[in-house]
Every structure is written in C-alpha cells, then in structure tokens.
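To keep things clear, I will list the structure first and then write my remarks on it.
The values are calculated or read from the model by the stated rules, or taken from the named source; none is laboratory data. Not measured: the values here are computed from a predicted model. Cβ placement follows ideal geometry from the backbone for every residue including glycine, while neighbour counts extend to all protein chains displayed.
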Amino acid sequence: MTVKEYSDHENFPFFVDIPTRWMDSDVYGHVNNVEYYSYIDTAINMHLAKKVMLDPNTAPVFGVVAETGCKFFKEIRHPDIIEAGIRVTQIGNSSVTYQVALYRRSDEALAALGHFVHVYVDRETRKPRTIPDAFRKELNQLFT
C-alpha cells in the first residue's frame, strides 16, 4: 500500500478521536514527535478497553510493547483533534502488529503512520502467552 492509499479512512476499521493538549507542543509550535507515539499507544489501548473490555489492572494476559515506529507526513498543532485509525497487519501466536494512521480532523490529512507490536505476556511470569481467544476474535475484525 502506498502512502496515498493510507489517506483513505476505509483502510482502518476502528477510529478513536484524541484531542491534542497544550503541553504536547514543543518550542517550534507543533506537536513534538514523541507525542505521536503516545497517541498511537492511546488509540490501541482505547480499542482494547472498548472492544475486549481489557482491564489493565487485573487482566491475567496483556500486551507489552516490543516494537514501535512512525513516519511523519504533516504537522499536528494544538488544538488539533486527531482521528486515529487502527488496523491489524499481522497476528502471531503471542504477538500482534498494528498499523495506526493519525489524521488531522481539521483537513483530514494523514499526519503520521505508525506501527506498534504487542507481545502478550502472563501477568505473573511476564513470559509470552498465546493471545486469548476473545482478543484474537476482535483483532481479526481489524485484520486487513
């Protein structure tokens, strides 16, 4: 898929709105690059909380971050609202790879495209575990 194709919202089955905060901006007047990773993490965890009712405080199995990356295309500035679109590009035994598109609501421009790998681990041992069936079922809904 080309970057141009990512501007099509239809490629992302789940969306969440994330407001920027004043403190997200750096001295150059735009959102600092590290905040994009926070938006990506927020979008994925909002999906898990809403769709599989993940309670991060009690879940016996949960995802930890193994890898992240982001390509930046347009500035985000406060007070932009971000539309974060999520899709799943790979599901393994204990891992899932997400792709997250961050759009500026003001002009629907693709601002950034990130990826995020979760490895599911046991709460007690912190060793990889098979993705629970309820999670896998929902993740398959995002698979493209």
query: In region 68-83, is there at least one residue being touching a helix residue (DSSP H, G or I) at 6+ places or on another chain (Cβ under 7 Å), closer than 19 Å to residue 13 by Cβ and surrounded by 16 or more Cβ atoms within 10 Å (Cβ to Cβ)?
result: yes
- request: Collect the residues in region 117-144 that are modelled with pLDDT under 95 and either part of a strand (DSSP E or B) or at positive phi (or both), keeping them in residue-number order.
  value: 143
- prompt: In region 98-110, which residue that is of a type in the set (Ser, Thr, Tyr) and surrounded by 17 or more Cβ atoms within 10 Å (Cβ to Cβ) is nearest to residue 18 (Cα to Cα)?
  reply: 103
- request: May I ask you to say which residue of 20, 58 is at negative phi and in contact (Cβ under 8 Å) with a residue 12 or more places away in the chain?
  value: 20
- line: Within region 99-144, of all residues that are touching a residue at least 12 places away in the same chain (Cβ under 8 Å) and hydroxyl-bearing (Ser, Thr, Tyr), the one farthest from residue 87 (Cα to Cα) is 106
task: Just give me the residues in region 111-132 being more than 15 Å from residue 33 (Cα to Cα) and buried (at least 21 other Cβ atoms within 10 Å of the Cβ), in sequence order.
output: 116, 118, 120, 131
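For (1) of a type in the set (S, T, N, Q); (2) touching a Phe, Trp or Tyr at 6+ places or on another chain (Cβ under 8 Å), each residue gets a yes or a no:
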| residue | (1), (2) |
| --- | --- |
| 9 | no, yes |
| 20 | yes, no |
| 27 | no, no |
| 41 | no, yes |
| 61 | no, yes |
| 74 | no, no |
| 84 | no, yes |
| 88 | no, yes |
